[in-house]
Amino acid sequence: MFGKAGIIAVTLLALAPCAAGATDTGTMICKGGIVSIGDAIPQVLQKCGPPAFSTQRDQVEVGGSTKPGVTRTFTRITVDDWTYNFGSNEFMYRVIFENGNVARIESLEWGY
């Protein structure tokens, strides 16, 4: 019905939303094992080795009520953002740690 060119075009259109940005995956497969939410930095290093890129920042989360006279809480969180590039035949992954534990794993575009 579509022909070869039509099938390729339909396939590319179907994949376009995935390629546009990061997708939360919750896990990442490495040569040394599967990385999951909650894993600590040493576990990720053991399973996947060092990342291709990394950054670290401190972030402050504010809690409590906004009502006058109510005590607010401030919590400092260390956020590490690691990017893994497994080569041109696999997707890259971003692993975001909060206080040393995996908080989020995102699948990115194809590696290089």
- Query: What are the residue pairs meeting all of these: first residue in the range 68-90, first residue under 25 Å from Arg57 (Cα atoms), second residue among the small types (Gly, Ala, Ser) and part of a strand (DSSP E or B), Cβ atoms under 6 Å, and 6 or more apart or on different chains?
  - Reply: Arg72/Gly64; Thr73/Gly63; Thr73/Gly64; Trp82/Ser54
- Note on the structure: Flagged in the range 56-100 as surrounded by fewer than 10 Cβ atoms within 10 Å (Cβ to Cβ) and either closer than 14 Å to Ile41 by Cα or of a type in the set (Val, Ile, Thr) (or both), in numbering order, are Val60, Val62, Thr66, Val70, Thr71, Thr73
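We did not get these values from a lab; they are worked out from the coordinates using the rules stated. Owing to the predicted nature of the structure, the values given are computational and were not obtained by experimental measurement. Don't worry about glycine lacking a Cβ; one is built from the backbone with ideal geometry, like all the others, and counts go over all protein chains shown.
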